[in-house]
Amino acid sequence: MTSAVRILLYRGDGQTGPWAEDFARLLPGVETLSWREGETLPACDYAVLWNPAAGLLPQLAQVKAIFLMGAGADAVLKFGEALPDVPLVRLGDAGMAVQMAEYVAYATLRYFRRFDEYEEQARHGLWAPLPAHEKKDFTIGVMGLGKLGLRVVETMRGFGFPVRGWSRTAKDLPGVECFAGMASLDEFLSGTRVLVSLLPLTAETNNLLDRRRLATLPKGAYLINVARGAQVAEPDLLTLIRSGHIAGATLDVFRNEPLPAPHPFWEEPRITITPHISALTVREDAVRQIIDKISAFEADQPVADIVDRQLGY
């Protein structure tokens, strides 16, 4: 690939400097450009975006492709017809899969080993060993079997947990009980003790985990959501936790972020909250991946992770 390529960098927080430095170091001769609201977009070959301004998108109709600085596409697809008809490319792994597996493993083991209960006992000066759970009774159910989900499945199987997976289309994974499609969702949920959501946010997954489906989980089940907050009907989850049907939840994503100060989740001790940090983009890995995909575009070769706008990912 010739390095004489012009790349527009835009982030909603304005922090494009480190990205420009990495592109300059890894693709000598590249020209990185910036844009501000109200300006006319300079001529460029590609755009690399995060949380774009609505006014920018119509000006990108002439670029060869738009790259996203993350694995999800919902933050851009929400603009609908304002999004130009050019290839939209999300990140694949880019260092996020191992982080996601670490997060899910921690949240699962904290519940399985009853560390949350021991923490509460310690705050009250109580020394009281609790009966241990058995792994055979702790089936981990992973919703979403893409690159991140597969790494989580592999990690939890490594700990010796029974694992099942659910996805939109059928998968065949060694040692994993796989379910596919909405018709099998209730069966999948009914045998899941720890439910992990790694699904993309689409019209089909919005509010997917409502009261009826969450109640399909066995009593004492636990929820880990590292996907998108809008997939969970928050009042329904709170009701089921307070009723005792769901033991608790570790949530990294929420319908509104930052999670508002008066939100009832803050007051519920059985909900563990983290500020959308389960898997952060590793910038250098992301830049290398984008450069490889630009090389594929320039050579007219197949490019991975192009977003299917009908599916939403």
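Here is a check on your reading of the model: is Arg309 open to solvent by 20 Å² or more (accessible area, probe 1.4 Å), in contact with a strand residue (DSSP E or B) (Cβ under 8 Å, 6 or more places away or on another chain) and modelled with pLDDT under 95? Yes, satisfied.
Looking only at segment 126-136, residues that are open to solvent by 70 Å² or more (accessible area, probe 1.4 Å), over 27 Å from Arg157 (Cα atoms) and either in contact with a strand residue (DSSP E or B) (Cβ under 8 Å, 6 or more places away or on another chain) or not aromatic (Phe, Trp, Tyr) (or both) come to 1 in all.
Mind telling me which of the residues Ala296, Ala279, Ala203, Ala286 ends up being at pLDDT 95 or above, more than 30 Å from Ala4 (Cα to Cα) and not hydroxyl-bearing (Ser, Thr, Tyr)? Walk me through it before giving the result.
Numbers: Ala296 fails: more than 30 Å from Ala4 (Cα to Cα); Ala203 fails: at pLDDT 95 or above; Ala286 fails: more than 30 Å from Ala4 (Cα to Cα).
Going through Ala296, Ala279, Ala203, Ala286 in turn, the sole match is Ala279.
Taken together, the residues in segment 205-252 that are surrounded by fewer than 17 Cβ atoms within 10 Å (Cβ to Cβ) and out of contact with any helix residue (DSSP H, G or I) (no Cβ under 8 Å at 6 or more places or on another chain) amount to 7.
Only one residue in Asp13, Asp22 is open to solvent by 50 Å² or more (accessible area, probe 1.4 Å), within 22 Å of Ala279 (Cα to Cα) and of a type in the set (Asp, Glu), so which one is that?
Numbers: Asp22 fails: open to solvent by 50 Å² or more (accessible area, probe 1.4 Å).
Of Asp13, Asp22, the one residue that is open to solvent by 50 Å² or more (accessible area, probe 1.4 Å), within 22 Å of Ala279 (Cα to Cα) and of a type in the set (Asp, Glu) is Asp13.
State yes or no: is Val153 crowded, with 17+ Cβ neighbours inside 10 Å and without any contact (Cβ under 8 Å) to a residue 40 or more places away in the chain? Spelling it out, Val153 is indeed crowded, with 17+ Cβ neighbours inside 10 Å and without any contact (Cβ under 8 Å) to a residue 40 or more places away in the chain.
Residue by residue through segment 6-41, note down the ones that are of a type in the set (Lys, Arg) and either in a loop (DSSP other than H, G, I, E, B) or modelled with pLDDT under 95 (or both).
Kept after step one, since they are of a type in the set (Lys, Arg), are these residues of segment 6-41: 6, 11, 25, 36.
If the condition is that a residue be of a type in the set (Lys, Arg) and either in a loop (DSSP other than H, G, I, E, B) or modelled with pLDDT under 95 (or both), then Arg36 is the only one that fits.
One line per residue, one yes/no per condition, for (1) modelled with pLDDT of 95 or more; (2) aromatic (Phe, Trp, Tyr); (3) over 14 Å from the mean Cα position of the chain (by Cα):
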residue: Leu60; (1), (2), (3): yes, no, yes
residue: Phe67; (1), (2), (3): yes, yes, yes
residue: Ala73; (1), (2), (3): no, no, no
residue: Leu83; (1), (2), (3): no, no, yes
residue: Gly95; (1), (2), (3): no, no, no
residue: Ala101; (1), (2), (3): yes, no, no
residue: Val104; (1), (2), (3): yes, no, no
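Which one is farthest from Ile224 (Cα to Cα), of the residues in segment 97-116 that are in a helix (DSSP H, G or I) and open to solvent by 70 Å² or more (accessible area, probe 1.4 Å)? Looking at the filtered set, the residue picked out is Phe115. For segment 286-304, the candidate set comprises residues that are open to solvent by less than 30 Å² (accessible area, probe 1.4 Å) and of a type in the set (Gly, Ala, Ser); within that set, the residue that is farthest from Met69 (Cα to Cα) is Ala296.
Residue by residue, here is whether (1) under 22 Å from Gly92 (Cα atoms); (2) open to solvent by 70 Å² or more (accessible area, probe 1.4 Å); (3) of a type in the set (Ser, Thr, Tyr) holds:
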position	(1), (2), (3)
Thr139	no, no, yes
Lys147	yes, yes, no
Gly165	yes, no, no
Val176	no, no, no
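Leu49 meets the conditions (1) farther than 25 Å from Asp252 by Cβ; (2) at pLDDT 95 or above in every case but one. The failed one is (1).
The values are calculated or read from the model by the stated rules, or taken from the named source; none is laboratory data. This structure is a prediction, so every number in the text was calculated from the model and none was measured. Here Cβ is always computed from backbone atoms with ideal geometry, including for glycine, and neighbour counts include all displayed protein chains. All accessible areas refer to the heavy atoms of the entire protein, side chains included, with ligands and DNA or RNA removed. Shrake-Rupley method; radii C 1.70, N 1.55, O 1.52, S 1.80 Å.
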